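Below: one structure, written as structure tokens.
The values are calculated or read from the model by the stated rules, or taken from the named source; none is laboratory data. In this text, all values refer to a predicted model and were calculated from it rather than measured experimentally. Glycine also receives a Cβ, built like all others from the backbone with ideal geometry; neighbour counts cover every protein chain displayed. With ligands, DNA and RNA removed, areas are computed over all heavy atoms of the protein, side chains included. Shrake-Rupley method; radii C 1.70, N 1.55, O 1.52, S 1.80 Å.
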Amino acid sequence: QVRLVESGGGLVQTGGSLRLSCAASGRTFSRGYAMGWFRQVPGKEREFVAAIMWSGISTYYGDSVAGRFTISRDSAKNTVYLQMNSLKPEDTAVYYCAADLPYGSKLDKTVKYWGQGTQVTVSS
């Protein structure tokens, strides 16, 4: 069983930065799959944010965060990070870590494992 534990959410002002962490445990991940982040606000569908091939070779981002957010991983710690810069009020959401996402996919229905979520609030 895969377990994902997020941390690092909180309250920040517009233009500020936060770094989210997702620690994974349970097993190693399959070639061709990725870990990533989605976010969700009440009443809306879960939105793709970013993903990284488990090998760490490549990444891809949602259009709304490209150029502001950076996803990375520490293989020794089995942890994936999301560095969020130049935050905007519209980035306010619950951020979910995702694992076993087919690389290239941005669809939440293709994710096999989810974390419990961490709240990010950006004040104006």
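Which ³J(HN,Hα) values, rounded to whole Hz and listed in residue order, are derived for segment 75-82 from phi using the Karplus coefficients 6.51, -1.76 and 1.60 in 6.51 cos²θ - 1.76 cosθ + 1.60 with θ = phi - 60°, glycine and proline given as x?
5, 5, 9, 6, 10, 10, 10, 10
How far apart, in nm, are the 7 Å Cα→Cβ label points at Val5 and Arg68?
Going from the Val5 label point to the Arg68 one covers 3.0 nm.
Please give, to one decimal in nm, the separation of the simple spin-label points placed at Glu47 and Ser25, each 7 Å out from Cα toward the Cβ.
About 3.2 nm separates the two model spin labels.
Under the 0.36 nm per residue contour assumption, what length would be gained going from the current alpha-carbon distance of Gln119 and Ala76 to full extension?
Working: separation 43, 0.36 × 43 = 15.48 nm, distance 2.62 nm.
Using 0.36 nm per residue and subtracting the Cα-Cα distance, I get 12.9 nm.
Which whole-number percentage describes the relative contact order of the chain, with Cα contacts under 8 Å and a sequence gap of 6 or more?
After rounding, I find 35 percent.
Leaving out ligands and nucleic acids, note down the accessible area per residue over the chain with a 1.4 angstrom probe, in whole Å².
Numbers: 6320 Å² over 124 residues.
So the chain comes to 51 Å² accessible per residue, rounded to a whole number.
Starting from the Cα of Lys109, draw a straight line to each of the lysines and keep only those under 25 Å, dropping any in the same chain fewer than 8 residues away.
Lys44
Grab the beta carbon distance between Lys88 and Ser58, set R0 = 30 Å, and tell me the FRET efficiency rounded to 0.05. Numbers along the way, then the final one.
Details: r = 26 Å, r/R0 = 0.87.
E between Lys88 and Ser58, to the nearest 0.05, is 0.70.
Which residues' amide hydrogens lie under 5 Å from the amide hydrogen of Asp100, considering only partners 5 or more residues apart or on another chain, with H built in the peptide plane?
For Asp100, the qualifying residues are Ala34.
Write out the GluC sites (Glu not before Pro) in segment 22-122 meeting two conditions: DSSP loop, and at most 16 other Cβ atoms within 10 Å of their Cβ.
Glu45
Can you grab the distance from the C-alpha centre of segment 57-124 to the C-alpha centre of segment 6-38, Å, no decimals?
6 Å
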